[in-house]
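Structure record follows, encoded as C-alpha cells.
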Amino acid sequence: MKRFWKDAKVVATGGGWGIELDGKPLRTPGKLPLVVPGEALAQSIAAEWHGAPETVDPRSMAMTGLANAAIERVATDTAGFAAGLARYGEADLTCYRAEGPDKLVERQAAAWDPLLAWARRRFAVDFAMTQGISHVPQPAGAAGQLSHAVESMDTFQLAALSPLVTIGGSLIAALAVAEGAVDPEAAWEAVSVDERWQIETWGDDAEAVAALEARKRDFLAAARFLALL
C-alpha cells in the first residue's frame, strides 16, 4: 500500500493504548480498533508506521501484524487457539532425536537437553524421548502441564507464542522464551539446529538460507512482541 499519513503517535484509550495516524485511530484490516495493553508495545507499533517508506509492505510491520492477529484471530476463540498451540507439546521437537550422524546427535543434545531440563524443573514432570520420527506419547502429566501453561496466557501473549511454536516446532522452547528462561537468540539457535546442519552439510543454498533468515526474523519479532507486553 502507499503511505497516506505523515505522523503516527500513541494515545491512551479506555481499554489500553492506541495509535493515531494524523489524528485518526489506527484499525485492523477488519476495521476493529487497534488497541494494545501496554504503552511500550504501542510505541513500537507507532514506530513502524512512523518510519514506513512511501510504498509499504505490511509483512515488514511485525508488531502491527501480531497485534492484528491478537485482535482479529485469537480473541474470537481464545480457548480454541490455546488448545491448538498446546497440542504441539504432544510432539515437541526436543523429544525427537536423530539416529545419526554422531555430530548431529551431539548438537541436538547440546541444544535441546538444557531446554528439557528447564521444562522438567518448571513443570515437575518428565518427557518421553525417542530417536527418529515415529510418534511417542508424552506422559499425561507432561501434556497437561504444558497445556495449562498455554491456557493461562492472555490474547496478546498467545498471538506472539504462536509463531514461536510453529516456526520453531517446540512448545517447550517457546514457553522458555515467554517466561524469560532462555534468551530468544539462544532459543532460535536451538530450534534451528537441524536446518543449519543441513546447510552446513550440503552447502549454502540461496533459497534455503533466505528462508531460514526469514523464519529467524519472524521468531525474534514474536519474542520482542512478548517482551513489550
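Check Thr13: other-chain or 5+ apart residues with amide H under 5 Å from its amide H, H built from backbone geometry?
Gly18
Modelling each spin label as a point 7 Å along the Cα-to-Cβ direction, I'd like the Glu151/Glu213 distance in nm, to one decimal.
A separation of 4.2 nm, rounded to one decimal place.
If you take every residue apart from Ser147 with its C-beta less than 13 Å away from the C-beta of Ser147, what net charge results, scoring Lys and Arg +1 and Asp and Glu -1? Don't skip to the end; give the middle numbers.
Details: positive: Arg87; negative: Glu90, Asp92, Glu151.
So the environment of Ser147 carries a net charge of -2.
Taking the Cα centre of the chain as origin, work out the dipole magnitude from +1 charges on Lys and Arg Cβ and -1 charges on Asp and Glu Cβ, in debye rounded to 20. Write out the running numbers ahead of the final one.
Working: 21 positive and 30 negative charges, 145 e Å.
With only Lys, Arg, Asp and Glu charged at Cβ, the dipole is about 700 debye.
When the Cα centres of region 122-196 and region 88-111 are compared, how far apart do they sit, in Å?
Taking the Cα centre of each part, region 122-196 and region 88-111 sit 14 Å apart.
What ratio of Cα Rg to 2.2 N^0.38 Å holds for region 141-229?
On the way: Rg = 14.0 Å, N = 89, 2.2 N^0.38 = 12.1 Å.
Rg over 2.2 N^0.38 Å, computed on Cα atoms: 1.16.
Positive end of the dipole of the chain, charges at C-beta (+1 Lys, Arg; -1 Asp, Glu), about the Cα centre: which of Val105, Phe225, Gly18 has its Cα farthest in that direction?
Gly18
How much net charge surrounds Thr94 when only other residues with a Cβ under 14 Å from its Cβ are counted (Lys, Arg +1; Asp, Glu -1)?
Taking every other residue near Thr94 into account, the sum is -2.
Span-like helices, the chain: DSSP H, alpha-carbon axial extent 27 Å or more, mean Kyte-Doolittle -1.0 or greater, which ones? If you can, show how the numbers build up before the last one.
Values: long enough: 102-123 (30 Å, -0.54); 206-228 (33 Å, 0.58).
Helices meeting the span and hydropathy rule in the chain are 102-123, 206-228.
Along the charge dipole of the chain, which of Ile172, Ala46, Val125 sits closest to the positive end, that is, farthest toward it, with unit charges on the beta carbon of Lys, Arg, Asp and Glu (+1, +1, -1, -1)?
Sorting the options by dipole projection puts first Ala46.
Report the Stokes-Einstein translational diffusion coefficient (µm² s⁻¹, integer) for region 78-228, Rh taken as the Kirkwood radius over Cα pairs, at 37 °C with viscosity 0.692 mPa s.
Numbers: Rh = 15.7 Å.
Here the translational diffusion coefficient equals 209 µm²/s.
How long are the three semi-axes of the equivalent ellipsoid for region 8-74, computed from the Cα gyration tensor as the root of 5 times each eigenvalue, in whole Å, largest first? Could the numbers behind the result be given before it?
Details: eigenvalues 55, 41, 23 Å².
After diagonalising the Cα gyration tensor, the semi-axes are 17, 14, 11 Å.
All of the numbers you see were taken from the coordinates with simple rules; none came from a lab. Predicted model, so just to flag it, every value in this text is computed and none were measured. Because the Cβ atoms are built from the backbone with ideal geometry, glycine has one as well, and the counts that use them run over all protein chains shown.
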